[in-house]
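Inspection log for the structure reproduced underneath, given as structure tokens.
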Amino acid sequence: MWLNQAWLSQTLSNRVFHIELIGVSEDAVSVRLRSEIAQWLHLPLVTSAPQSTQPTVTLVCDVRSCLDEEGFSIDVAQDGNVCIESSSTRGLLYGFYAWLRDVGLKAEHSHTEIPDQKLRMINQWDQADGSVERGYAGESIFYGRWGSNVHAEFFDFPERSAADVFRGDISRIRDYARFLASVGINAISLNNVNVRSYATRFIVEPYLQRIAEITRIFSSFGIKSFLSVNFAAPKVIGNLTTSDPCDKKVIAWWKKVVDHIYEVIPDFGGFVVKADSEGEPGPYQYGRDHADGANLFARVLAPHHGIVIWRAFVYNSHTDWRDRSVDRARAAFDNFAALDGKFDDNAVLQVKFGPIDFQTREPLSPLLARMQKTNLIMEFEITAEYLGHQIDVNYVLPQWIGMASWQSPEGSIRERLPRVARQPQFTGFAAISNVGMDENWTGNTLAQANLYGYARFCWSKSLTSQEIAHEWVGLSFENSTTATKQVIESILNRSNKAYEDYCAPLGVGFMVNRNGHYGPGPDDYEFDRWGTYHYADRDGVGVDRTSATGTGFVGQYPSLYSSLEKPETTPDELLLFFHHVNYTYRLHSGETVIQHIYNTHFAGVEEVEKFVDEWNSIQGDIEPLDWENVAERLRRQKANAINWRDQINTFFWRLSGIADEQGRSLYS
Ligand code: GCW
């Protein structure tokens, strides 16, 4: 990660720092700012206006400033003196790191910034046993003190004390918090949305005290902490006979729990809830709807200014593949559209960007385009569950930026969120983190670019994916030559397309190995209960989701998207998401579907072979450990890409009997 102490000490040691707080009292963030600067520089801060010949950096926090609370301005004078100004200490913190980034990129300049999305959140899927659901970078940085023995320990000795559940490595958490703050993240949920075992008790003593220690670190970096809660907690840990959200005893139980949390953590953010989904408990069990469920939490959190973030990832995960009328893509809309306007002001609905589940290519979730009176968060998955497990290089910003740019009558989707909200400050983006205990945080060093990039994408609506990659590479490989940096940037910028090329074609999704979601498994989910089908037969492939002859999913969109009803007016890359077509159907590109499948799968592998060569060409110009890490990952990526190519091509060749026009190897 780019903000390391050696770099900072070296870069900043010739500056003098001065902080002025005007009309603002000291808070955790200002204490952090002072101590960070002192610690990095090994120099005390200057307390009064400096009289120095060295360039001065003055940080002014002035409540009278008319900048947005989180915004800042940086003024770089001719003489090298810098003034960073904000109306809040948090804004100052962001301004300080933005200036550091400019220094790191050797591009110091005056500018003013206001973040685009209000909530810029990270979701951890870390579990109390130290594992991370869909984590590909080692164990949790928060939990699981006994490493790999922890599972046995848990189940054999359920009386383990609170201290045993927490890793206790505060410095790693602090580094993580600093990194997140440096790119403007302002909220984090600390545990997995599937709340199991000890995590159900994080909301009560004695676990809460340890959670509080973690939250204090994040608070000092201006980041609000949230906890995921188990909807059934009143029954599981509260000794009640029900968890019905409308039951008075249940409401009283949650109120007591929440009141106590705020005694211990006064700036606690609130709860994240996954309910009635993939086996988790929820309001449907009691004949209630999801507004009843969410509002229960909203009301007990409201007196403390907390919010509840309720996930819209609710679907029937016990589908009969024989029944074509059930379409998982419809689920979020079917479960939530009728509840528009029924959620309290401090309840927020968190919606995955696409209607299925973070595939390489999906259309926008229609819920995000249709809700009119609801606070919404758009959800992304940084951890590369379906995107190569941080083995394959896959810089995913092009996809995310594309998703947030879908148009609606109220502007692009990212602009729409605050415009249709009950409370615009409770809207934004959330994404599942990709970090763990691995030395380089993210398994593949290049996967750091997605974490960095996600935060920059939250902050700015104008940065392109290439600009973000340029920043990340510049900061992470600052000692390398420009040519080397260009090689790394080029690999990143081509990686998302390459990955999509060798995976499931044209938006059909889920041809993934069901055992962990890495590598191909064209029929692994086809006759299964998860509702993720491609319907490939001897004539054609794809899901008919039209209103005329299909599942009616297209009808969930505003009329703006009516072009998706017909294959001729559907973008090629989403054709098989919306339509079942013959293999000989001709795309706008002029290729037939089958030839497109063959061509992209050969092209994807060729691109990965180029990545390998290009990476080899920069050996010696980056840190050996980083070079070796990515080289090793690329070797595995190449094997994976070949596997995808051969299995997908063979799968379609066997079904269709149509040979490759170019006569390349397909297997019978
Ligand atoms: O994609 C699925 C993942 C689950 C995850 C779920 C969710 C946390 O395979 O591992 O559970 O999404 O988003 O809740």
Hits in the range 274-295 - residues which are more than 11 Å from the ligand (Cβ to nearest atom) and either closer than 24 Å to Gln124 by Cβ or of a type in the set (Lys, Arg) (or both): Asp276, Pro281, Gly282, Arg288, His290, Gly293, Ala294
The range 112-131 residues that are of a type in the set (Ser, Thr, Tyr), paired with ones that are crowded, with 24+ Cβ neighbours inside 10 Å and part of a strand (DSSP E or B) (beta carbon under 9 Å, 6 or more apart): Thr112/Phe72; Ser131/Tyr143
Only listed residue being surrounded by fewer than 20 Cβ atoms within 10 Å (Cβ to Cβ), touching a helix residue (DSSP H, G or I) at 6+ places or on another chain (Cβ under 8 Å) and either part of a helix (DSSP H, G or I) or in the same structural domain as Arg416 (by TED's automatic domain parsing) (or both), chosen from Ser547, Ser490, Ser495: Ser490
Which numbered condition Glu379 misses (of (1) more than 16 Å from Phe510 (Cβ to Cβ); (2) acidic (Asp, Glu); (3) open to solvent by 10 Å² or more (accessible area, probe 1.4 Å)): (3)
Those residues of the range 519-530 which are within 12 Å of the ligand (Cβ to nearest atom) and touching a residue at least 40 places away in the same chain (Cβ under 8 Å), in sequence order: Trp530
Qualifying residue in the range 297-307 (condition: touching a residue at least 24 places away in the same chain (Cβ under 8 Å) and either among the polar types (S, T, N, Q) or more than 30 Å from Pro266 (Cα to Cα) (or both)): no
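Among the residues of the range 126-137, write down those that are within 12 Å of the ligand (Cβ to nearest atom) and buried (at least 22 other Cβ atoms within 10 Å of the Cβ). Walk me through how you get there before you give the answer.
Let us first name the residues in the range 126-137 that are within 12 Å of the ligand (Cβ to nearest atom), namely 126-127, 131-135.
The answer is Asp126, Gln127, Val132, Gly135.
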Pair list, Cβ < 9 Å and 6+ apart or interchain, from the range 608-620 residues that are more than 17 Å from Tyr502 (Cβ to Cβ) and in contact (Cβ under 8 Å) with a residue 12 or more places away in the chain to residues that are of a type in the set (S, T, N, Q) and surrounded by fewer than 16 Cβ atoms within 10 Å (Cβ to Cβ): Ile618/Thr481
Condition check for Val351: out of contact with any Pro (no Cβ under 8 Å at 6 or more places or on another chain), in the same structural domain as Ala455 (by TED's automatic domain parsing), farther than 21 Å from Tyr525 by Cβ and away from the ligand (no atom under 13 Å from the Cβ): no
Selection from the range 573-594 of residues that are open to solvent by less than 50 Å² (accessible area, probe 1.4 Å) and either in contact with a Gly (Cβ under 9 Å, 6 or more places away or on another chain) or of a type in the set (Ser, Thr, Tyr) (or both): Leu574, Leu575, Leu576, Phe577, Phe578, His579, Val581, Tyr583, Thr592, Val593
Close pairs (6 angstrom Cβ cut-off, 6 or more residues apart or separate chains): free of Cβ contacts under 8 Å to residues at least 12 places away in the same chain in the range 462-484, part of a helix (DSSP H, G or I) and surrounded by 14 or more Cβ atoms within 10 Å (Cβ to Cβ) anywhere: Leu463/Arg456
The range 313-347, residues that are within 16 Å of the ligand (Cβ to nearest atom) and touching a strand residue (DSSP E or B) at 6+ places or on another chain (Cβ under 9 Å): Phe313, Ala332, Phe336
Hits in the range 656-668 - residues which are more than 13 Å from Thr584 (Cβ to Cβ) and open to solvent by 40 Å² or more (accessible area, probe 1.4 Å): Gln662, Gly663, Arg664, Ser665, Tyr667, Ser668
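The values are calculated or read from the model by the stated rules, or taken from the named source; none is laboratory data. Given the structure is predicted, the values throughout are model-derived calculations rather than measurements. With ideal geometry, Cβ positions are generated from the backbone for all residues, glycine too; neighbour counts draw on all protein chains shown. Calculation scope for accessible area: heavy atoms of the full protein, side chains included, ligands and nucleic acids excluded. Shrake-Rupley method; radii C 1.70, N 1.55, O 1.52, S 1.80 Å.
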